[in-house]
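Coordinate-derived values only; no laboratory data. Since we're looking at a predicted model, the values are computed, not measured. Because the Cβ atoms are built from the backbone with ideal geometry, glycine has one as well, and the counts that use them run over all protein chains shown.
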Amino acid sequence: MTQSTASPPSEPAAATVERGTPSEVFGAFLKLGLTSFGGPIAHLGYFRDELVVRRKWITEAGYADLVALCQFLPGPASSQVGFALGLLRGGPLGALAAWTAFTLPSAALLVVFAFAATALDGPVATGLLHGLKAVAVAVVAQAVWGMARSLTPDRPRAGIALAAVIIVVVAAGSAGQVAAILVGALAGLILCRQGPAVESSHLSFRVPRRVGMICLLVFFLLLFGLPILAVVLEAQGLSLADAFFRAGALVFGGGHVVLPLLQTEVVAPGWVTNDAFLAGYGAAQAVPGPLFTFAAYLGAVMGSVPNGIAGAAIALIAIFTPGLLLLVGVLPFWDRFRKRPFAQAAMRGANAAVVGILGSALYNPVWTSAILSPYDFALALAGFLLLVVWRAPPWIVVLVMALGGAGLALA
């Protein structure tokens, strides 16, 4: 595949993108993977500063179109943008280099934490891990607050979010979450037709339609085939891959939304304890790179084989694969599809439903597992205020709250 951008002479903003090498792409994204703290929105800012402003790999207009595409699709938006930029700059090998360099630093740190956490013992260690669980309360509360303001700004979408909460509470598990998103999309078709007009595209990937169709076919084959194979072959490795693939395929609205999906997939069947789950989620806030690397931690702490390094590798690859397949699959059709009013309306409704799903997860399992006393509430509230009011970097909040948890354990 070769990629370039093209536009009529009257649109100078969409200048031809020069091709680079996979090694150049790897170096640029390794720097980003080691320094990009703060979650997906912050990552997109880092990408813009490094690759649009400084390196000039793509125009501002082209970058805006690319971000719009990746926010429309399920999956980790910042990783999808990085993958697409690598594809644009260095071809398929450049895309692989971008994903690897941006993902591995945080994945490696979380796997190390997984091994260290299992070795910790005593009241101080217990307090540290409980402090990390309180971090999850603060971070998810911040995510719900920010997403509600941007994705449910009117009564129809607020109503869709409330309906999603009810659906998830009544129909527990992944089925309820999928149903909430589908109901949100259908409600959006009826209630959310009003919105800003979509501007013409400034970015065109030369991905053949045949390649896009193959990627979409592989996506659906894995989505529906993995659970069947896991049951027929009774292979825990396939069950693990299926759980993380399904979670990655259904995440709309940012990395934090993966929390309820993963909790359903790994805690409900008893693969990972809820305490270990929330402690790892809290630790994930302290590392750079995509939040989806939380999957590597979960794969490493699985109670059954495969776990450790093998489990981390399976979980990490499985959770990223669906978003990347969908990205390449829709690239040949994106410019035409994004202008259709029904697509815009459905996504407004689905995004509103995502707010409801995440709000439900804020209560259960996050709040119910972490807030066990008034002291826990005070610690979580302090973390929330640090994030929202003082805008402290997430890694500082993680450090403060982990030490606070240790202090409460000794008190």
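For region 104-410, the square roots a ≥ b ≥ c of the C-alpha gyration tensor eigenvalues yield an a/c of 1.5 or more together with a/b not exceeding b/c, which makes the shape oblate.
Evaluating 6.51 cos²θ - 1.76 cosθ + 1.60 at θ = phi - 60° for every residue in region 359-374, the Karplus couplings come out as x, 5, 5, 4, 6, 9, x, 5, 5, 5, 8, 9, 9, 10, 7, x Hz, glycine and proline recorded as x. Exposed loop sites here are GluC sites (Glu not before Pro) assigned a DSSP state other than H, G, I, E or B and surrounded by at most 16 other beta carbons within 10 Å; excluding them, the longest clear run of the chain is 19-198. Only one residue of 272, 98, 58 has its Cα farthest out toward the positive end of the dipole of the chain, where Lys and Arg carry +1 and Asp and Glu -1 on Cβ, and that residue is 58. Considering the dipole of region 104-410 built from charges on the beta carbon (Lys and Arg +1, Asp and Glu -1) around the Cα centre, which of 298, 346, 399 is farthest to its positive end? Result: 346.
Length gained on full extension, residue 172 to residue 42, computed as 0.36 nm times the residue gap minus the Cα-Cα distance: 43.6 nm. Assuming charge only on the beta carbon of Lys and Arg (+1) and of Asp and Glu (-1), the dipole of the chain about its Cα centre is about 1000 debye to the nearest 20. With the Cα gyration tensor of region 22-98 giving a ≥ b ≥ c as the square roots of its eigenvalues, does the rule (a/c under 1.5 for rounded; else a/b larger than b/c for prolate; else oblate) give rounded, prolate or oblate? Rounded. Converting phi to 3J(HN,Hα) with the Karplus coefficients 6.51, -1.76 and 1.60 and the offset θ = phi - 60°, region 129-146 yields 5, 5, x, 5, 5, 5, 4, 4, 4, 5, 5, 5, 4, 4, 5, 4, 4, x Hz in sequence order, with x at every glycine or proline.
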